[in-house]
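The values are calculated or read from the model by the stated rules, or taken from the named source; none is laboratory data. None of these values were measured; they are calculated from a predicted model. Every residue, glycine as well, gets a Cβ built from its backbone with ideal geometry; the counts of neighbours run over all protein chains shown. Quick note on the areas: whole protein, heavy atoms, side chains included, nothing else; ligands and nucleic acids left out. Shrake-Rupley method; radii C 1.70, N 1.55, O 1.52, S 1.80 Å.
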Amino acid sequence: ESDDGKTYFVKIHAPWEVLATYADVLKIKVPFKVNDMPDDRELPMNWLSTPFRLPKEIMHPEPDYFTAPFSKSKSDFFLIGNQDTFFSPSTRNRIVYYILSRCLYVIGECGDKKGIKRLLNNGSYTSAFPLHDSRYWIRSKDGNCESERYDLYKHWAKFFCFFKEQPINRIRNYYGEKIGIYFAWLGFYTEMLLFAAVVGTICFTYGFLTYDDNEWSKEICSEEIGGKIVMCPLCDKKCGFWKLSITCNSSWQSHLFDNVATVFFAIFMGIWVTLFLEFWKRRQARLEYDWDLVDFEEEQQQLQLRPEYESKCTKSKENPITKEMEPYLPVTSKCARSCLSGATVLLWISLIIACIIGVIAYRLAVYAAFASIMKDSPTSHLEVVGPYITPQLATSVTASCINFVIIMILNLMYEKVAVWITDMEIPKTHLEYENRLTMKMFLFQFVNYYSSCFYVAFFKGKFVGYPGKYAYMFGSSLRNEECDPGGCLIELTTQLVIVMTGKQVWGNIQEALLP
(Lines give C-alpha, C1' and ligand atoms only; values in the text may rest on other atoms or scores of the structure.)
Protein backbone atom coordinates (compact mmCIF):
# COMPACT_ATOMS: atom_id res chain seq x y z
CA GLU A 1 0.00 0.00 0.00
CA SER A 2 3.03 2.34 0.03
CA ASP A 3 3.48 5.15 -2.47
CA ASP A 4 6.85 3.87 -3.71
CA GLY A 5 5.77 0.21 -3.89
CA LYS A 6 8.88 -0.82 -1.95
CA THR A 7 8.02 -0.02 1.66
CA TYR A 8 6.20 -2.68 3.67
CA PHE A 9 4.10 -2.06 6.76
CA VAL A 10 3.61 -4.41 9.70
CA LYS A 11 0.58 -3.46 11.78
CA ILE A 12 0.46 -4.86 15.31
CA HIS A 13 -2.70 -5.22 17.39
CA ALA A 14 -2.77 -6.41 21.00
CA PRO A 15 -5.89 -8.47 21.83
CA TRP A 16 -7.50 -8.50 25.27
CA GLU A 17 -5.63 -11.59 26.50
CA VAL A 18 -2.24 -10.00 25.77
CA LEU A 19 -3.24 -6.66 27.31
CA ALA A 20 -4.58 -8.33 30.45
CA THR A 21 -1.47 -10.54 30.87
CA TYR A 22 1.00 -7.66 30.59
CA ALA A 23 -1.14 -5.23 32.61
CA ASP A 24 -0.77 -7.82 35.38
CA VAL A 25 3.01 -8.05 34.82
CA LEU A 26 3.45 -4.25 34.78
CA LYS A 27 1.07 -3.73 37.74
CA ILE A 28 -0.89 -1.10 35.82
CA LYS A 29 -3.44 0.64 38.02
CA VAL A 30 -7.04 0.40 36.81
CA PRO A 31 -10.41 1.46 38.33
CA PHE A 32 -12.40 -0.81 40.63
CA LYS A 33 -14.84 1.66 42.22
CA VAL A 34 -16.19 5.15 41.52
CA ASN A 35 -14.83 7.74 43.94
CA ASP A 36 -17.72 8.66 46.25
CA MET A 37 -15.79 11.29 48.24
CA PRO A 38 -17.27 14.81 47.85
CA ASP A 39 -15.12 17.26 45.89
CA ASP A 40 -15.74 20.77 47.19
CA ARG A 41 -12.62 22.45 45.81
CA GLU A 42 -13.92 25.91 44.99
CA LEU A 43 -11.37 28.66 44.50
CA PRO A 44 -12.18 32.18 45.78
CA MET A 45 -13.28 34.57 43.01
CA ASN A 46 -13.50 31.62 40.60
CA TRP A 47 -15.77 33.63 38.28
CA LEU A 48 -12.76 35.71 37.14
CA SER A 49 -11.28 32.69 35.35
CA THR A 50 -14.55 31.71 33.56
CA PRO A 51 -13.43 32.99 30.09
CA PHE A 52 -10.37 30.73 30.29
CA ARG A 53 -12.24 27.61 31.43
CA LEU A 54 -13.26 24.62 29.32
CA PRO A 55 -16.58 22.80 29.90
CA LYS A 56 -16.50 20.30 32.78
CA GLU A 57 -17.18 17.31 30.49
CA ILE A 58 -14.05 18.22 28.48
CA MET A 59 -11.82 18.75 31.52
CA HIS A 60 -13.09 15.62 33.30
CA PRO A 61 -14.35 13.23 30.61
CA GLU A 62 -14.59 10.34 33.10
CA PRO A 63 -15.61 10.17 36.76
CA ASP A 64 -12.89 9.87 39.37
CA TYR A 65 -12.14 6.29 40.43
CA PHE A 66 -10.42 4.37 43.18
CA THR A 67 -7.73 2.26 41.49
CA ALA A 68 -5.60 -0.81 42.19
CA PRO A 69 -2.89 -2.77 40.28
CA PHE A 70 -4.56 -5.01 37.68
CA SER A 71 -4.70 -8.74 38.34
CA LYS A 72 -5.80 -11.05 35.53
CA SER A 73 -6.99 -13.71 37.97
CA LYS A 74 -9.29 -11.19 39.68
CA SER A 75 -10.56 -9.36 36.59
CA ASP A 76 -14.17 -9.50 37.89
CA PHE A 77 -13.12 -7.18 40.71
CA PHE A 78 -12.48 -4.30 38.24
CA LEU A 79 -14.94 -2.07 36.37
CA ILE A 80 -14.55 -3.67 32.93
CA GLY A 81 -17.48 -2.39 30.86
CA ASN A 82 -15.95 -2.75 27.40
CA GLN A 83 -12.73 -4.71 26.88
CA ASP A 84 -11.86 -2.62 23.78
CA THR A 85 -11.85 0.66 25.69
CA PHE A 86 -10.94 -0.49 29.22
CA PHE A 87 -7.25 0.31 28.70
CA SER A 88 -6.54 3.84 27.44
CA PRO A 89 -4.63 4.33 24.13
CA SER A 90 -1.48 5.34 26.03
CA THR A 91 -1.61 2.19 28.20
CA ARG A 92 -2.09 -0.05 25.14
CA ASN A 93 0.89 1.60 23.45
CA ARG A 94 2.99 1.19 26.58
CA ILE A 95 2.20 -2.55 26.77
CA VAL A 96 2.93 -3.13 23.06
CA TYR A 97 6.24 -1.25 23.30
CA TYR A 98 7.19 -3.25 26.40
CA ILE A 99 6.67 -6.49 24.44
CA LEU A 100 8.47 -5.25 21.29
CA SER A 101 11.48 -3.97 23.24
CA ARG A 102 12.05 -7.46 24.74
CA CYS A 103 11.06 -9.69 21.84
CA LEU A 104 13.82 -12.10 20.69
CA TYR A 105 14.58 -12.15 16.97
CA VAL A 106 17.87 -14.15 16.97
CA ILE A 107 18.67 -17.08 19.23
CA GLY A 108 22.24 -18.25 18.69
CA GLU A 109 25.43 -19.51 20.26
CA CYS A 110 26.99 -16.03 20.21
CA GLY A 111 24.12 -14.63 22.22
CA ASP A 112 20.49 -13.70 21.82
CA LYS A 113 19.42 -10.53 20.00
CA LYS A 114 16.21 -8.79 20.93
CA GLY A 115 14.26 -5.58 20.81
CA ILE A 116 12.71 -3.30 18.20
CA LYS A 117 15.27 -0.58 19.06
CA ARG A 118 18.12 -2.79 17.85
CA LEU A 119 16.21 -3.64 14.65
CA LEU A 120 15.72 0.09 14.01
CA ASN A 121 19.42 0.80 14.61
CA ASN A 122 20.59 -1.91 12.18
CA GLY A 123 18.15 -0.78 9.48
CA SER A 124 15.85 -3.83 9.47
CA TYR A 125 12.96 -1.44 10.06
CA THR A 126 12.86 2.17 8.92
CA SER A 127 10.59 3.32 11.74
CA ALA A 128 8.23 2.13 14.49
CA PHE A 129 5.42 4.18 15.97
CA PRO A 130 1.91 3.95 17.46
CA LEU A 131 -0.92 4.91 15.12
CA HIS A 132 -3.39 7.71 15.83
CA ASP A 133 -7.09 6.90 16.19
CA SER A 134 -8.04 8.80 13.04
CA ARG A 135 -7.33 11.98 11.10
CA TYR A 136 -7.51 14.90 13.53
CA TRP A 137 -10.22 16.69 11.54
CA ILE A 138 -12.52 13.62 11.44
CA ARG A 139 -15.11 13.92 14.20
CA SER A 140 -16.00 10.23 14.53
CA LYS A 141 -14.01 7.08 13.77
CA ASP A 142 -16.95 4.69 13.70
CA GLY A 143 -20.02 6.93 13.36
CA ASN A 144 -20.99 6.58 17.03
CA CYS A 145 -18.64 8.57 19.26
CA GLU A 146 -16.20 11.43 18.75
CA SER A 147 -12.56 10.38 18.42
CA GLU A 148 -10.24 11.46 21.22
CA ARG A 149 -7.86 13.00 18.71
CA TYR A 150 -10.62 15.20 17.26
CA ASP A 151 -11.55 16.35 20.79
CA LEU A 152 -7.94 17.27 21.52
CA TYR A 153 -7.71 19.21 18.26
CA LYS A 154 -11.01 21.01 18.84
CA HIS A 155 -10.38 22.05 22.47
CA TRP A 156 -6.58 22.19 22.72
CA ALA A 157 -4.52 22.26 19.52
CA LYS A 158 -6.48 24.94 17.64
CA PHE A 159 -4.67 28.29 17.60
CA PHE A 160 -7.63 30.22 19.04
CA CYS A 161 -7.63 27.97 22.12
CA PHE A 162 -4.24 29.34 23.23
CA PHE A 163 -5.78 31.35 26.11
CA LYS A 164 -7.91 28.45 27.40
CA GLU A 165 -6.88 25.96 30.07
CA GLN A 166 -5.57 22.62 28.80
CA PRO A 167 -7.64 19.40 28.93
CA ILE A 168 -4.86 17.68 30.89
CA ASN A 169 -6.86 14.51 31.63
CA ARG A 170 -7.58 13.95 27.94
CA ILE A 171 -3.93 14.55 27.05
CA ARG A 172 -2.93 12.02 29.70
CA ASN A 173 -5.40 9.39 28.42
CA TYR A 174 -4.27 9.77 24.81
CA TYR A 175 -0.52 10.38 25.13
CA GLY A 176 0.32 9.01 28.57
CA GLU A 177 1.35 10.41 31.94
CA LYS A 178 4.78 11.65 30.88
CA ILE A 179 3.45 13.84 28.04
CA GLY A 180 0.52 14.90 30.25
CA ILE A 181 2.82 16.15 33.02
CA TYR A 182 5.05 17.90 30.46
CA PHE A 183 2.13 19.94 29.10
CA ALA A 184 0.84 20.60 32.62
CA TRP A 185 4.27 22.03 33.45
CA LEU A 186 4.43 24.03 30.20
CA GLY A 187 1.01 25.58 30.85
CA PHE A 188 1.91 26.41 34.46
CA TYR A 189 5.25 27.93 33.39
CA THR A 190 3.51 30.11 30.77
CA GLU A 191 0.96 31.33 33.36
CA MET A 192 3.72 32.25 35.81
CA LEU A 193 5.76 33.98 33.08
CA LEU A 194 2.76 36.20 32.41
CA PHE A 195 3.20 37.85 35.84
CA ALA A 196 6.94 38.35 35.22
CA ALA A 197 6.19 39.79 31.76
CA VAL A 198 3.69 42.32 33.21
CA VAL A 199 6.17 43.52 35.86
CA GLY A 200 8.98 43.64 33.28
CA THR A 201 6.82 45.72 30.94
CA ILE A 202 5.99 48.14 33.78
CA CYS A 203 9.71 48.56 34.59
CA PHE A 204 10.54 49.14 30.90
CA THR A 205 7.66 51.64 30.63
CA TYR A 206 9.04 53.48 33.68
CA GLY A 207 12.42 53.74 31.93
CA PHE A 208 10.68 55.07 28.81
CA LEU A 209 8.61 57.65 30.75
CA THR A 210 11.66 58.93 32.67
CA TYR A 211 13.74 58.95 29.46
CA ASP A 212 14.06 62.78 29.41
CA ASP A 213 14.85 63.07 33.14
CA ASN A 214 18.06 61.01 33.00
CA GLU A 215 20.69 63.41 34.40
CA TRP A 216 23.85 61.42 33.60
CA SER A 217 22.78 61.00 29.95
CA LYS A 218 22.17 64.76 29.76
CA GLU A 219 25.70 65.38 31.07
CA ILE A 220 27.26 62.91 28.60
CA CYS A 221 25.36 64.53 25.69
CA SER A 222 26.10 68.08 26.81
CA GLU A 223 28.76 69.87 24.75
CA GLU A 224 29.80 71.69 27.93
CA ILE A 225 30.52 68.48 29.88
CA GLY A 226 30.66 65.34 27.67
CA GLY A 227 31.89 67.34 24.70
CA LYS A 228 34.97 68.50 26.65
CA ILE A 229 35.97 65.15 28.19
CA VAL A 230 38.58 63.47 25.97
CA MET A 231 38.82 59.68 26.33
CA CYS A 232 41.82 57.43 25.66
CA PRO A 233 41.89 55.29 22.47
CA LEU A 234 40.04 51.96 22.76
CA CYS A 235 42.68 50.09 20.76
CA ASP A 236 46.41 50.57 20.30
CA LYS A 237 47.08 51.38 16.63
CA LYS A 238 44.00 52.29 14.57
CA CYS A 239 41.89 54.02 17.23
CA GLY A 240 42.20 57.69 18.05
CA PHE A 241 41.22 59.84 21.01
CA TRP A 242 37.48 60.45 21.29
CA LYS A 243 35.03 62.64 23.16
CA LEU A 244 32.65 61.20 25.74
CA SER A 245 29.68 62.88 24.01
CA ILE A 246 29.80 60.43 21.07
CA THR A 247 28.31 57.76 23.40
CA CYS A 248 25.23 59.97 23.85
CA ASN A 249 22.78 57.62 22.06
CA SER A 250 23.94 54.46 23.82
CA SER A 251 23.64 56.15 27.24
CA TRP A 252 19.99 57.07 26.49
CA GLN A 253 19.33 53.49 25.30
CA SER A 254 20.92 52.05 28.46
CA HIS A 255 18.45 54.01 30.58
CA LEU A 256 15.53 52.01 29.11
CA PHE A 257 16.92 48.81 30.67
CA ASP A 258 19.13 50.16 33.47
CA ASN A 259 17.15 52.47 35.72
CA VAL A 260 15.79 52.57 39.29
CA ALA A 261 13.00 50.09 38.39
CA THR A 262 15.60 47.51 37.30
CA VAL A 263 16.60 46.99 40.95
CA PHE A 264 12.95 46.34 41.86
CA PHE A 265 12.62 43.92 38.91
CA ALA A 266 15.71 41.97 40.04
CA ILE A 267 14.24 41.62 43.57
CA PHE A 268 10.86 40.62 42.09
CA MET A 269 12.45 37.90 39.91
CA GLY A 270 14.31 36.50 42.92
CA ILE A 271 10.96 36.07 44.71
CA TRP A 272 9.16 34.92 41.52
CA VAL A 273 11.52 32.03 40.82
CA THR A 274 11.11 30.71 44.40
CA LEU A 275 7.31 30.94 44.21
CA PHE A 276 7.33 29.28 40.77
CA LEU A 277 9.26 26.30 42.11
CA GLU A 278 7.15 25.88 45.25
CA PHE A 279 3.79 26.29 43.46
CA TRP A 280 4.87 23.79 40.79
CA LYS A 281 5.81 21.24 43.48
CA ARG A 282 2.28 21.65 44.85
CA ARG A 283 0.71 21.29 41.38
CA GLN A 284 2.83 18.25 40.60
CA ALA A 285 1.91 16.56 43.90
CA ARG A 286 -1.77 17.08 43.12
CA LEU A 287 -1.36 15.57 39.63
CA GLU A 288 0.55 12.63 41.10
CA TYR A 289 -2.33 11.99 43.50
CA ASP A 290 -5.07 12.42 40.87
CA TRP A 291 -3.27 10.18 38.35
CA ASP A 292 -2.08 7.51 40.85
CA LEU A 293 1.59 8.27 40.26
CA VAL A 294 2.64 8.68 43.89
CA ASP A 295 4.71 5.45 43.90
CA PHE A 296 5.27 5.38 40.15
CA GLU A 297 9.05 5.93 40.13
CA GLU A 298 9.67 3.29 42.82
CA GLU A 299 7.48 0.79 40.96
CA GLN A 300 9.29 1.53 37.70
CA GLN A 301 12.64 0.98 39.40
CA GLN A 302 11.55 -2.42 40.74
CA LEU A 303 9.63 -3.69 37.71
CA GLN A 304 11.29 -2.50 34.56
CA LEU A 305 14.93 -3.18 33.81
CA ARG A 306 15.90 -1.67 30.47
CA PRO A 307 16.00 -4.37 27.74
CA GLU A 308 19.44 -3.04 26.69
CA TYR A 309 20.68 -3.65 30.24
CA GLU A 310 19.29 -7.19 30.23
CA SER A 311 20.88 -8.04 26.88
CA LYS A 312 24.32 -6.44 27.49
CA CYS A 313 24.85 -7.67 31.06
CA THR A 314 25.78 -11.31 30.61
CA LYS A 315 26.56 -11.96 34.30
CA SER A 316 23.86 -12.65 36.88
CA LYS A 317 23.64 -12.54 40.66
CA GLU A 318 20.96 -13.10 43.28
CA ASN A 319 18.94 -10.09 44.36
CA PRO A 320 19.13 -10.09 48.21
CA ILE A 321 15.56 -8.77 48.50
CA THR A 322 13.61 -10.75 45.89
CA LYS A 323 15.96 -13.81 45.99
CA GLU A 324 15.77 -13.93 42.17
CA MET A 325 18.67 -14.07 39.74
CA GLU A 326 19.06 -10.83 37.78
CA PRO A 327 21.70 -9.40 35.41
CA TYR A 328 24.32 -7.02 36.77
CA LEU A 329 27.23 -4.90 35.54
CA PRO A 330 30.60 -5.49 37.27
CA VAL A 331 31.89 -2.56 39.35
CA THR A 332 35.10 -2.25 37.29
CA SER A 333 33.15 -1.96 34.03
CA LYS A 334 30.74 0.55 35.62
CA CYS A 335 33.62 2.74 36.89
CA ALA A 336 35.43 2.67 33.53
CA ARG A 337 32.24 3.65 31.66
CA SER A 338 31.45 6.45 34.15
CA CYS A 339 35.00 7.87 33.87
CA LEU A 340 34.84 7.84 30.06
CA SER A 341 31.42 9.50 30.16
CA GLY A 342 32.60 12.23 32.58
CA ALA A 343 35.72 12.87 30.47
CA THR A 344 33.56 13.24 27.33
CA VAL A 345 31.25 15.79 29.00
CA LEU A 346 34.27 17.79 30.27
CA LEU A 347 35.82 17.68 26.79
CA TRP A 348 32.68 19.17 25.24
CA ILE A 349 32.36 21.85 27.93
CA SER A 350 36.04 22.72 27.30
CA LEU A 351 35.21 22.94 23.59
CA ILE A 352 32.46 25.49 24.37
CA ILE A 353 34.87 27.58 26.48
CA ALA A 354 37.42 27.44 23.64
CA CYS A 355 34.72 28.70 21.22
CA ILE A 356 33.83 31.54 23.62
CA ILE A 357 37.51 32.55 23.82
CA GLY A 358 37.60 32.45 20.00
CA VAL A 359 34.59 34.79 19.82
CA ILE A 360 36.23 37.14 22.36
CA ALA A 361 39.40 37.18 20.18
CA TYR A 362 37.16 37.97 17.18
CA ARG A 363 35.61 40.90 19.07
CA LEU A 364 39.04 42.30 20.00
CA ALA A 365 40.40 41.94 16.47
CA VAL A 366 37.31 43.21 14.64
CA TYR A 367 36.66 46.16 16.95
CA ALA A 368 39.81 47.90 15.74
CA ALA A 369 38.81 47.18 12.11
CA PHE A 370 35.30 48.63 12.62
CA ALA A 371 36.75 51.66 14.42
CA SER A 372 39.13 52.31 11.50
CA ILE A 373 36.43 51.83 8.82
CA MET A 374 33.88 54.05 10.57
CA LYS A 375 36.47 56.76 11.16
CA ASP A 376 37.31 56.88 7.45
CA SER A 377 33.73 56.48 6.17
CA PRO A 378 31.20 57.52 8.85
CA THR A 379 27.70 55.95 8.90
CA SER A 380 25.94 59.29 9.51
CA HIS A 381 24.70 59.35 5.89
CA LEU A 382 22.35 56.43 6.76
CA GLU A 383 19.29 58.47 7.69
CA VAL A 384 17.50 56.19 10.20
CA VAL A 385 20.13 53.93 11.77
CA GLY A 386 23.31 55.87 11.02
CA PRO A 387 23.61 57.75 14.33
CA TYR A 388 23.15 54.51 16.31
CA ILE A 389 25.82 52.41 14.56
CA THR A 390 29.02 52.52 16.59
CA PRO A 391 32.07 50.22 16.52
CA GLN A 392 30.86 48.72 19.84
CA LEU A 393 27.37 47.96 18.47
CA ALA A 394 28.67 46.56 15.16
CA THR A 395 31.13 44.30 17.02
CA SER A 396 28.51 43.20 19.56
CA VAL A 397 25.83 42.29 16.98
CA THR A 398 28.17 40.38 14.63
CA ALA A 399 29.84 38.55 17.55
CA SER A 400 26.42 37.61 19.01
CA CYS A 401 25.27 36.22 15.64
CA ILE A 402 28.47 34.17 15.25
CA ASN A 403 28.11 32.99 18.84
CA PHE A 404 24.51 31.90 18.20
CA VAL A 405 25.50 29.88 15.11
CA ILE A 406 28.25 28.14 17.14
CA ILE A 407 25.75 27.44 19.97
CA MET A 408 23.25 25.76 17.61
CA ILE A 409 25.91 23.66 15.81
CA LEU A 410 27.43 22.46 19.10
CA ASN A 411 23.96 21.73 20.49
CA LEU A 412 22.99 19.56 17.49
CA MET A 413 26.25 17.61 17.74
CA TYR A 414 26.16 17.21 21.51
CA GLU A 415 22.58 15.85 21.54
CA LYS A 416 23.82 12.79 19.62
CA VAL A 417 26.98 12.50 21.75
CA ALA A 418 24.95 12.70 25.00
CA VAL A 419 22.65 9.85 23.88
CA TRP A 420 25.67 7.77 22.77
CA ILE A 421 27.59 8.12 26.06
CA THR A 422 24.44 7.49 28.13
CA ASP A 423 23.81 4.30 26.11
CA MET A 424 27.43 3.33 26.70
CA GLU A 425 26.97 3.63 30.50
CA ILE A 426 24.18 0.97 30.30
CA PRO A 427 21.87 2.42 33.00
CA LYS A 428 19.77 -0.20 34.78
CA THR A 429 16.30 1.38 34.57
CA HIS A 430 14.50 3.87 32.32
CA LEU A 431 14.38 6.36 35.21
CA GLU A 432 18.14 6.12 35.74
CA TYR A 433 18.71 6.52 31.98
CA GLU A 434 16.58 9.66 31.76
CA ASN A 435 18.16 11.22 34.88
CA ARG A 436 21.68 10.71 33.50
CA LEU A 437 20.78 12.04 30.06
CA THR A 438 19.02 15.06 31.61
CA MET A 439 22.04 15.92 33.77
CA LYS A 440 24.42 15.76 30.78
CA MET A 441 22.13 17.89 28.61
CA PHE A 442 21.56 20.44 31.40
CA LEU A 443 25.27 20.88 32.16
CA PHE A 444 26.15 21.26 28.50
CA GLN A 445 23.27 23.52 27.47
CA PHE A 446 23.68 25.81 30.50
CA VAL A 447 27.34 26.42 29.64
CA ASN A 448 26.63 26.53 25.89
CA TYR A 449 23.76 29.04 25.95
CA TYR A 450 24.80 31.32 28.79
CA SER A 451 28.61 31.39 29.08
CA SER A 452 28.85 34.30 26.60
CA CYS A 453 26.22 36.21 28.62
CA PHE A 454 28.15 35.53 31.85
CA TYR A 455 31.30 36.89 30.18
CA VAL A 456 29.60 40.16 29.15
CA ALA A 457 27.81 40.56 32.51
CA PHE A 458 30.61 39.75 34.94
CA PHE A 459 34.02 39.75 33.22
CA LYS A 460 34.02 42.17 30.29
CA GLY A 461 35.60 45.50 31.22
CA LYS A 462 36.86 44.26 34.61
CA PHE A 463 40.45 43.44 33.56
CA VAL A 464 41.31 46.36 31.28
CA GLY A 465 44.24 47.96 33.13
CA TYR A 466 44.85 51.70 32.82
CA PRO A 467 46.50 54.10 30.33
CA GLY A 468 50.17 53.25 30.04
CA LYS A 469 49.63 49.74 31.44
CA TYR A 470 46.77 48.07 29.61
CA ALA A 471 46.00 44.35 30.07
CA TYR A 472 46.27 42.10 27.01
CA MET A 473 44.57 38.79 26.20
CA PHE A 474 46.97 35.93 27.08
CA GLY A 475 49.97 38.20 26.45
CA SER A 476 48.97 38.77 22.79
CA SER A 477 48.69 42.09 20.97
CA LEU A 478 44.90 42.10 21.54
CA ARG A 479 43.91 44.50 24.30
CA ASN A 480 41.17 43.37 26.68
CA GLU A 481 37.70 44.75 25.93
CA GLU A 482 36.21 47.74 27.68
CA CYS A 483 32.53 48.38 28.34
CA ASP A 484 30.75 51.36 26.89
CA PRO A 485 30.89 54.35 29.31
CA GLY A 486 27.19 53.65 29.97
CA GLY A 487 28.00 50.06 31.00
CA CYS A 488 27.74 46.67 29.32
CA LEU A 489 23.98 46.28 29.79
CA ILE A 490 23.04 47.24 26.21
CA GLU A 491 25.53 44.70 24.90
CA LEU A 492 24.17 42.06 27.30
CA THR A 493 20.64 42.87 26.12
CA THR A 494 21.74 42.48 22.48
CA GLN A 495 23.36 39.14 23.27
CA LEU A 496 20.27 37.84 25.11
CA VAL A 497 17.83 39.03 22.43
CA ILE A 498 19.78 37.31 19.64
CA VAL A 499 20.25 34.04 21.58
CA MET A 500 16.66 33.88 22.95
CA THR A 501 14.97 34.92 19.70
CA GLY A 502 17.18 32.57 17.69
CA LYS A 503 16.33 29.66 20.03
CA GLN A 504 12.59 30.34 19.70
CA VAL A 505 12.73 30.62 15.90
CA TRP A 506 14.81 27.44 15.59
CA GLY A 507 12.54 25.60 18.04
CA ASN A 508 9.43 26.61 16.09
CA ILE A 509 11.02 25.53 12.81
CA GLN A 510 11.76 22.11 14.32
CA GLU A 511 8.35 21.71 16.01
CA ALA A 512 6.00 23.30 13.49
CA LEU A 513 7.56 23.82 10.07
CA LEU A 514 9.51 20.58 9.57
CA PRO A 515 6.63 18.22 10.53
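Odds and ends about this structure:
- The range 177-319: C-alpha gyration tensor shape, a/c 1.5 cut-off, then a/b vs b/c: oblate
- In terms of the mean number of neighbouring beta-carbon atoms within 10 Å, the peptides 54-61, 146-153, 435-442 order highest first as 146-153, 435-442, 54-61.
- Close amide H pairs (under 5 Å, H built 1.01 Å from N) link ALA68 with VAL30, PHE32, residues at least 5 positions away or on another chain.
- Listed by number, the DSSP H helices of the chain that run 24 Å or longer by alpha-carbon position along their axis and have mean Kyte hydropathy of at least -1.0 are 177-209, 260-290, 331-376, 391-425, 430-454, 489-508.
- Distances between placed amide hydrogens fall under 5 Å for TRP242 paired with MET231, all partners being 5 or more residues away or on another chain.
- Under 23 Å of direct C-alpha separation, and excluding same-chain neighbours fewer than eight residues apart, LYS460 reaches these lysines: LYS237, LYS238, LYS243, LYS469.
- The range 490-514 and the range 405-429 have Cα centres spaced 21 Å apart.
- Sequence-distant contacts, meaning Cα pairs under 8 Å at least 6 residues apart, place the relative contact order of the chain at 11 percent.
- Computed [θ] at 222 nm, deg cm²/dmol, the chain (DSSP H ≥ 4; -39,500 (n - 2.57); rounded to nearest 500): -17500 deg cm²/dmol
- Shape of the chain, Cα gyration tensor, a/c cut at 1.5: prolate
- Selection among TRP252, GLY240, ALA285 by position relative to the dipole of the range 227-332 gives GLY240 as farthest towards the positive end (Cβ unit charges, Cα centre).
- Between ASP212 and TYR182, full extension at 0.36 nm per residue minus the direct alpha carbon distance yields a gain of 6.2 nm.
- On the basis of the beta-carbon distance and an R0 of 25 Å, PHE463 and SER350 show a calculated FRET efficiency of 0.70.
- The lysines whose alpha-carbon is closer than 27 Å to the alpha-carbon of LYS164, local same-chain residues fewer than 8 away aside, are LYS56, LYS141, LYS154, LYS178, LYS281, LYS503.
- In the context of the full set of protein chains, the range 228-283 has a per residue accessible area of 65 Å² (1.4 Å probe).
- Accessible surface of the chain [probe 1.4 Å, protein heavy atoms]: carbon and sulfur percent: 63
- Paramagnetic label reach from VAL294 (point 7 Å along Cα→Cβ; backbone nitrogen cut-off under 12 Å): within the range 67-89, residues 67.
- Measuring between their Cα centroids, the range 326-371 and the range 250-278 lie 32 Å from each other.
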